[in-house]
8 protein chains.
Amino acid sequence: MNPIVSIIMGSTSDLPVMEAAAKFLDDQKIPFEMNALSAHRTPEKVEEFATGAQTRGIKVIIAAAGMAAHLPGVIASMTTLPVIGVPIKASLDGMDALLAIVQMPPGIPVATVGINGALNAAILAAEMLALSDEAIHEKMVAFKENLKKKIVKANEELTDIKFNYKVD
Amino acid sequence: MNPIVSIIMGSTSDLPVMEAAAKFLDDQKIPFEMNALSAHRTPEKVEEFATGAQTRGIKVIIAAAGMAAHLPGVIASMTTLPVIGVPIKASLDGMDALLAIVQMPPGIPVATVGINGALNAAILAAEMLALSDEAIHEKMVAFKENLKKKIVKANEELTDIKFNYKVD
Amino acid sequence: MNPIVSIIMGSTSDLPVMEAAAKFLDDQKIPFEMNALSAHRTPEKVEEFATGAQTRGIKVIIAAAGMAAHLPGVIASMTTLPVIGVPIKASLDGMDALLAIVQMPPGIPVATVGINGALNAAILAAEMLALSDEAIHEKMVAFKENLKKKIVKANEELTDIKFNYKVD
Amino acid sequence: MNPIVSIIMGSTSDLPVMEAAAKFLDDQKIPFEMNALSAHRTPEKVEEFATGAQTRGIKVIIAAAGMAAHLPGVIASMTTLPVIGVPIKASLDGMDALLAIVQMPPGIPVATVGINGALNAAILAAEMLALSDEAIHEKMVAFKENLKKKIVKANEELTDIKFNYKVD
Amino acid sequence: MNPIVSIIMGSTSDLPVMEAAAKFLDDQKIPFEMNALSAHRTPEKVEEFATGAQTRGIKVIIAAAGMAAHLPGVIASMTTLPVIGVPIKASLDGMDALLAIVQMPPGIPVATVGINGALNAAILAAEMLALSDEAIHEKMVAFKENLKKKIVKANEELTDIKFNYKVD
Amino acid sequence: MNPIVSIIMGSTSDLPVMEAAAKFLDDQKIPFEMNALSAHRTPEKVEEFATGAQTRGIKVIIAAAGMAAHLPGVIASMTTLPVIGVPIKASLDGMDALLAIVQMPPGIPVATVGINGALNAAILAAEMLALSDEAIHEKMVAFKENLKKKIVKANEELTDIKFNYKVD
Amino acid sequence: MNPIVSIIMGSTSDLPVMEAAAKFLDDQKIPFEMNALSAHRTPEKVEEFATGAQTRGIKVIIAAAGMAAHLPGVIASMTTLPVIGVPIKASLDGMDALLAIVQMPPGIPVATVGINGALNAAILAAEMLALSDEAIHEKMVAFKENLKKKIVKANEELTDIKFNYKVD
Amino acid sequence: MNPIVSIIMGSTSDLPVMEAAAKFLDDQKIPFEMNALSAHRTPEKVEEFATGAQTRGIKVIIAAAGMAAHLPGVIASMTTLPVIGVPIKASLDGMDALLAIVQMPPGIPVATVGINGALNAAILAAEMLALSDEAIHEKMVAFKENLKKKIVKANEELTDIKFNYKVD
């Protein structure tokens, strides 16, 4: 199957963070691709990537970058596909990347998730795809239900393990 | 037509900012609704809203809030629809709202735009809808083209007006 | 005895921090319970918890959360019991959690303590209970007296150990 | 009736902000007093105030201060009554006051509300009093219900006024 | 004469700030041009500008932008000419623009000046040109000398006007 | 009388803030001088000033500057007289000036006061002088006593004016 | 000899940082004392300390504290001796302590040094004492000269060690 | 060959960071020198260095410093050579150094690069030199081309290694 989500990151050093996005999409059987292209070091490659993405069948782009993180915004400026930005924590606790991604000028939005929020970026991509893909929609409903169960189970275990804290 | 985008804000005082989102959707003939519901003051109403949105035909939710801005995250926790968060500048230059919206825990993303970024939230909603709606897609391409023309025109005017700065 | 203080945290990963609160309440023989429920991943459980707390005999709620820490505020919106918020340091040095907890909108206060301030949250809960419970009040007076003695004793030890710094 | 809540502020310049607390307590018929005493300029007066408050019948103290806001913490160090701290925005957008109030060392909590959060401080005080005063408890339930109604009504008005934004 | 310095800004709204740069270059008789091109709204125009600048005889580029200020970095990625970045104060006191400009990844520097530092950007451009242009070098020496004189003169006037503060 | 305190500021634009320091010293009859010299624009003048200050009878230097506020540190590096630094709010709410003054490297301290804290700088200078000048010491005791009285009086007035807030 | 400098810290956990101050004073043969007293946990001890310091012969007080660092300001409010504040890095990189110490209200200055700046606090104390003690003054001149020599020597060593970077 | 770039740092502890600048210049065969001189501890040495640099043939100065980083600005105040400032991360994540370097007053620019951005400082210096040195210009073009190739190659390797993430 052709990829419909494209994960792009500014540097291969962002890979350990972005693997969580890849894993989620893989788990949900959503076809995706993953590339490292720098807005600053390979601008023509980025342009080629961004302008050609829709034609290649890509529906959502997840772009991750750290520091003066321009990659998500640069890609967003060259496509009408929704672009999800992931600020990578590389300096200043990730605050520089967050501001450089989220504070886009009027006209060119980037859908920003939290610092190092790779998993949430992938979930958001799936939610967008679910708008017109019933199979993915059902997976998202199941995913959310599962999330709930995990917490409830964790709470039950907490109760057991920490019983000694209960005052009788 | 039934609304497919729902704009919700934490307080009617957010209205002057959020009108830019309404105006954009109106211009693009994308049917929408607009409500003020507080995550903290009307929690049941918010729950009713969030859990019922999809059934009513809503496809994308734009949620705006200031200060400890919980509304977008609370709604995102109750639906699998994509939720776009708009941090409203009400205190601390909007930094509190930005962090309270974007730094969501793993599992529940909010697609955050810039502080007071109402227009970008609406564009982002349209980009998501365009994934499965060719008419909206064409509008977005035209919108982006138009944006470019405005800047180019502004630059031309700049050249004329500021000619006196040109050294011969 | 039924619990009168309820400690609730957004994730079991907050447990190492929150144990200090449990320990203090245990030491003071104030009956309490401890649960992990996520505002975002288990919203109905949180609602059930918050709306039922008072009926179950809970008098004060201590709610801890990190990042976009909505749990304390969400609970506060569903009860008239005093809610004490503990910002957990999970990202950005805890500044995101602090702002997401303390900057509540008019009408729904959260009594916020310092970042990772679990012990202080428990003391604050005890101070509230002491308003109408003479036994707890006496414990708090003793606790405060004891705190003083520890510092005075630490200072005396400091004087002895560091005597070599004294210039004669 | 003797006051049971004491509002204290570091400077009379904090009065315009703190009036919201006074107004709320007055509306709820909760007897209170209001004073201006500086932790730095009148330390003995502050000590006299803090150590004598409980004996005079005070149950909750609301302390407001700006900049290096020591007043709430200093008072908290001299009493076992719960102390609610209100950071006043006087410089640095109130961030200095917020940190100087909320980041208390282990042992001496201050229940901190948002920057300029005078109303929330008063509500929090009422919630504490409501733990042992059924009349106040009922008022708080009514207050919360009323808050909800106002938002719902505001939303209804919003719908009417902004009808022109609805796309048919 | 052909321009050797090119001032480019992300939006015509940056013009009031950037005029100080234009004025300085005009005063020093350094030929320059001034354009408004958005990294996000006119990416192809920016690319055309950046890749063609050197051929057209441009030696230094001054690029100004606010918010998620990508323009300076995007241009720097497409040329080996030195690029001077001016963070424009449009939101968050200009901190977002500063970080989005200065925190460039290894390999693509932007010579960043202070927030709204248009004059300093122009002086820095002149200093770079002075490395191989003796006439500009002499102008810079004279400019610096003049700067000194103004301060010394201002100090003398200060002494006169404020004589009443001198205690005899 | 020869000046024993020297107020120096980076720019005459700092004068409105620094007048509070001049006024205090004048009130206390402490002889002083006031100059504007820029660390960056008149470095030789600053050096001449700093290295000659002690010989001219100066005992304490108050140095004020905004933005990248180097003046206090530069002077401190050239004298063994105590240097008091006043961060001037000119950008970023004065945070840049505060950090650029207070975060001095080991070996060269600057006694930093709050942002725009001109009055406190003058009081601090007087406290230092009071160590060896009994007349100034007595003035400082009186000043502090007076400060207290003003607050107590303000509080009394507060009580009268705001009587309507007292619930009977 | 009786101590003339008093080092006081909010907690014995501040000792590792404050030892640099003790060491400097010891090296310079300036008699000092060192105590741990908490503004919040031992307020009466702090008051006793602050109001009695001058009578006991103390001339300068160095007060260190972390988090909501009230100790320096509280002491400054109870004496006319100069108080030097040392912000201790315990949370938020020390920014909370810095703001809680430096942003004192008009009338009560604290001479603040950098975060963890214990050595600089001691040097500053010595500079104040040097105003009326020729022996200390000479030591400070020698100290400063020595500081210079160390840097010059370090630079010479740098030149030797790093010779391989020199391009011939 | 005589050095044409001069690297100067405030402390030898900055050396591990600044080696990246030295390495780049060495690789490009651009003659340089490297010194450690403190703006605060060796002000006369710094003055001697800054005022004599141009005569000795230096064309660009790279100045690195941490904390209240005055070195770049102090040097810039004493020469018309372009000065590149490198904020060293020593405290507060390097934010203090960044602000103390970049926020220079009008008239005295410092070309600031990112926190610990030693490599970028050296590249920027080379770009300035390339304006009048064709050999260096060619090296910079080659360097940039090489940078691109590395990223493209890294991306290709990424594709191979991470093939398992590709959904078929």
> Within the range H:64-81, how many residues turn out to be surrounded by fewer than 24 Cβ atoms within 10 Å (Cβ to Cβ) and facing chain F (nearest Cβ under 9 Å)?
Replying inline: 1
> Give me the pairs: first residue in the range E:3-16 and in a helix (DSSP H, G or I), second residue surrounded by fewer than 24 Cβ atoms within 10 Å (Cβ to Cβ), beta-carbon distance under 6 Å, and six or more apart or on different chains, which are they?
Replying inline: E:Thr12/B:Ala154; E:Thr12/B:Leu158
> So is E:Glu47 at pLDDT below 95 and crowded, with 19+ Cβ neighbours inside 10 Å or not?
Replying inline: yes
>> Among the numbered criteria (1) within 30 Å of G:Glu138 (Cα to Cα); (2) under 17 Å from the mean Cα position of the chain (by Cα); (3) open to solvent by 10 Å² or more (accessible area, probe 1.4 Å), which one does F:Gln54 miss?
In response: (2)
> Which ones in the range D:104-114 are within 7 Å of chain C (Cβ to nearest Cβ) and out of contact with any Phe, Trp or Tyr (no Cβ under 9 Å at 6 or more places or on another chain)?
Replying inline: D:Met104, D:Pro106, D:Pro109, D:Ala111, D:Thr112, D:Val113, D:Gly114
> From the list F:Ile61, F:Ile84, F:Ile101, F:Ile4, which residue is within 11 Å of chain G (Cβ to nearest Cβ), open to solvent by 10 Å² or more (accessible area, probe 1.4 Å) and not basic (Lys, Arg)?
Replying inline: F:Ile4
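Can you tell me which residues in the range A:104-119 are in contact (Cβ under 8 Å) with a residue 60 or more places away in the chain and open to solvent by less than 10 Å² (accessible area, probe 1.4 Å)?
Residue satisfying the conditions is A:Ala118 alone.
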> Which of the residues that make up the range B:59-86 are part of a strand (DSSP E or B) and among the small types (Gly, Ala, Ser)?
Replying inline: B:Ala63, B:Ala64, B:Ala65, B:Gly66, B:Gly85
> So which residues in the range F:87-98 are buried (at least 24 other Cβ atoms within 10 Å of the Cβ) and assigned to a loop (DSSP other than H, G, I, E, B)?
Replying inline: none
> How do the pairs read when you match residues in the range B:143-168 that are more than 8 Å from chain E (Cβ to nearest Cβ) and surrounded by 14 or more Cβ atoms within 10 Å (Cβ to Cβ) with residues anywhere that are part of a helix (DSSP H, G or I) and modelled with pLDDT of 80 or more, using Cβ under 7 Å and keeping only pairs 6 or more apart or on different chains?
Replying inline: none
>> Among the residues in the range C:86-107, are any over 30 Å from A:Glu145 (Cβ atoms) and touching a Ser or Thr at 6+ places or on another chain (Cβ under 6 Å)?
In response: yes
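From the list E:Ile4, E:Ile62, pick out the single residue that is at pLDDT 95 or above and under 26 Å from A:Ser38 (Cα atoms).
On the way: E:Ile4 fails: under 26 Å from A:Ser38 (Cα atoms).
Going through E:Ile4, E:Ile62 in turn, just one is at pLDDT 95 or above and under 26 Å from A:Ser38 (Cα atoms): E:Ile62.
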> Just one of the numbered conditions (1) outside any helix (DSSP H, G or I); (2) open to solvent by 10 Å² or more (accessible area, probe 1.4 Å) is not true of C:Ala135; which one?
Replying inline: (1)
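Look through the range E:34-58, keep the residues that are part of a loop (DSSP other than H, G, I, E, B) and at the interface with chain A (Cβ under 8 Å from one of its Cβ atoms), and return whichever of them is nearest to A:Val83 (Cα to Cα).
So in the range E:34-58, the residues part of a loop (DSSP other than H, G, I, E, B) come out as E:37-42, E:53-58.
Among the residues that remain, those that are also at the interface with chain A (Cβ under 8 Å from one of its Cβ atoms) are: E:38-41.
Values: E:Ser38: 18, E:Ala39: 16, E:His40: 13, E:Arg41: 15 Å.
Checking each candidate, the answer is E:His40.
Kindly establish whether H:Asn120 is within 7 Å of another protein chain (Cβ to nearest Cβ), over 20 Å from E:Leu129 (Cβ atoms) and not β-branched (Val, Ile, Thr).
Details: within 7 Å of another protein chain (Cβ to nearest Cβ): yes; over 20 Å from E:Leu129 (Cβ atoms): yes; not β-branched (Val, Ile, Thr): yes.
Yes.
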> Which condition does B:Lys23 not pass, out of (1) among the basic types (Lys, Arg); (2) within 11 Å of chain C (Cβ to nearest Cβ); (3) under 13 Å from the mean Cα position of the chain (by Cα), if it passes all the others?
Replying inline: (2)
> Does D:Ala39 fit the bill of being within 23 Å of F:Val113 (Cβ to Cβ) and surrounded by fewer than 24 Cβ atoms within 10 Å (Cβ to Cβ)?
Replying inline: no
> Do we find a residue being farther than 19 Å from H:Met67 by Cβ and not polar (S, T, N, Q) anywhere in the range F:95-108?
Replying inline: no
> Looking only at the range C:18-30, which residues are surrounded by fewer than 21 Cβ atoms within 10 Å (Cβ to Cβ) and in a helix (DSSP H, G or I)?
Replying inline: C:Glu19, C:Ala20, C:Lys23, C:Asp26, C:Asp27
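Conditions (1) out of contact with any His (no Cβ under 9 Å at 6 or more places or on another chain); (2) among the charged types (D, E, K, R); (3) under 26 Å from H:Asn146 (Cβ atoms), marked per residue:
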| site | (1), (2), (3) |
| --- | --- |
| A:Thr42 | yes, no, yes |
| A:Ala53 | yes, no, no |
| A:Ala65 | yes, no, yes |
| A:Ala68 | no, no, yes |
> Does the range H:120-131 contain any residue that is open to solvent by 10 Å² or more (accessible area, probe 1.4 Å) and over 21 Å from E:Ile62 (Cβ atoms)?
Replying inline: no
> Which members of the range H:123-132 meet the condition of being within 12 Å of H:Phe24 (Cβ to Cβ) and either within 7 Å of chain E (Cβ to nearest Cβ) or in contact with a strand residue (DSSP E or B) (Cβ under 6 Å, 6 or more places away or on another chain) (or both)?
Replying inline: H:Ile123, H:Leu124, H:Ala125, H:Glu127
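The values are calculated or read from the model by the stated rules, or taken from the named source; none is laboratory data. Everything numeric in this text was worked out from a predicted model, so none of it was measured. For neighbour counting, all protein chains shown are included, and Cβ atoms are generated from backbone atoms with ideal geometry for every residue, glycine included. Side chains are part of the model used for accessible areas, which takes the heavy atoms of the whole protein and leaves out ligands, DNA and RNA. Shrake-Rupley method; radii C 1.70, N 1.55, O 1.52, S 1.80 Å.
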